[in-house]
Amino acid sequence: MPRTSTVRTITIYPSGINYKLINGSDITDEQLTECAQLFAQNYGIWSDDAPPPLKPGTRVNMTPKRLREQCVGDPAQSVLALCSVPDDEGKDTIIGQAFATARIFVGLPNLSFPLNGVKKALPPP
């Protein structure tokens, strides 16, 4: 049964923190761009042992395209959870994100693992 287009939002007061759960097929390019920026600004730094063309000491980056390919591979089975706070102009600023993909394998449990704050299911065999 196909999913309907929904975005669920919960706001926690008095902090004003917003939580949104977005179906994979409803994730916009703008949301992925904001997620990629958050990832680039707040996640890992390449070690001294990073192989070329990676540059040791630089931030690990994910482009919006790569996030969509690697974290929303099957939109019908994926969701994006966003945590945001309003800025001075009332626009939401993303402060946290999590991607999740659920897959059911006949005879196997749902196997998934976290990857730098991103939860991704193992690909089918």
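Please treat every number below as a calculation from the coordinates, not as lab data. The model shown is predicted, which means the values in this text are computed figures rather than measured ones. So basically every Cβ, Gly included, is an ideal-geometry build from the backbone, and we count neighbours across all protein chains shown.
Values for this structure:
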read-out	value
Cβ-based exposure ranking for 10, 27, 22, in which fewest neighbours within 10 Å come first	10, 22, 27
Label point at residue 87 placed 7 Å out along Cα→Cβ; residues across region 28-55 whose backbone nitrogen lies under 20 Å	28-43
In nm, spacing of pseudo-spin labels at residue 15 and residue 74 (7 Å Cα→C-beta vector)	3.3
Exposure proxy order (Cβ contacts within 10 Å, fewest to most) of 74, 48	48, 74
Sequence-distant aspartates and glutamates (8 or more away, or on other chains) whose Cα lies within less than 15 Å of residue 20	30, 34, 92
